[in-house]
Structures are given as structure tokens and as C-alpha cells.
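Written below as C-alpha cells is the structure these notes are about.
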Amino acid sequence: MANETSIPKFSYPGLYSIRVSGKIQKDLLEYFQGIEKSVVEVNDTGNSITHLAINIRDQAELIGLLNMLYEWQHVLISVKLGENYSTV
């Protein structure tokens, strides 16, 4: 049986680390509120990866953000809650 204290509660805000393929255009980033950091790196194959550290209010806002990134044709690489953002 899972320890209920270890399960994230989506009705509360949290700081998320989101990684997607490609570079998110600056004007598209303006749609997002709560961005702490946005960093673009180029991997070994020459492809760009955007790392976002963003405050999300609840699960509905997270799903909305992920849907917008999908509509803008960014492939989702990872989503993590409460990560260390010093490397983002």
C-alpha cells in the first residue's frame, strides 16, 4: 500500500521542471505565467531542448500547458515536480 504522504496533490501549486524538444519562441513563452527559468540547450545530435522551471497552480493548469506545447509541436521529454532547478 502506497504511503499517501508521498503522492503529490494536484489541487496545490508546485514548481515543475518541464523539458521539451526544440526552442520555444519568445512570444509563445509570454503565454506562460510563473516561469522561473527558461533555458535552451543543444544536445549531442544538434537538436535543441528547452528546459522550463515554472510554477503551476494545479493539475488543470499543468494539462493546459502541456496541451499548448503539444499544439506548438514540441515533443514532451519530461515533467518533474519539485526538482532542483539549479541546473535548469
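Annotations
- Computed lengthening from Tyr12 to Lys37, 0.36 nm per intervening residue step minus Cα-Cα distance: 7.0 nm
- The alpha-carbon positions of segment 18-88 define a convex hull whose volume is 87 Å³ per residue.
- The protection proxy used here, the mean number of other Cβ atoms lying within 10 Å of each residue, ranks peptides 24-32, 38-46, 68-76 as follows, highest first: 68-76, 24-32, 38-46.
- Ignoring aspartates and glutamates fewer than eight residues from Lys80 along the same chain, the ones with Cα atoms less than 19 angstrom from its Cα are Glu4, Glu36, Glu41, Asp58, Glu61.
Any read-out appearing in this document is the output of simple, stated calculations on the displayed coordinates, not a laboratory observation. This is a predicted model, so every value here is computed, not measured. No Cβ is skipped: glycine too gets one built from the backbone with ideal geometry, and neighbour counts run over all protein chains shown.
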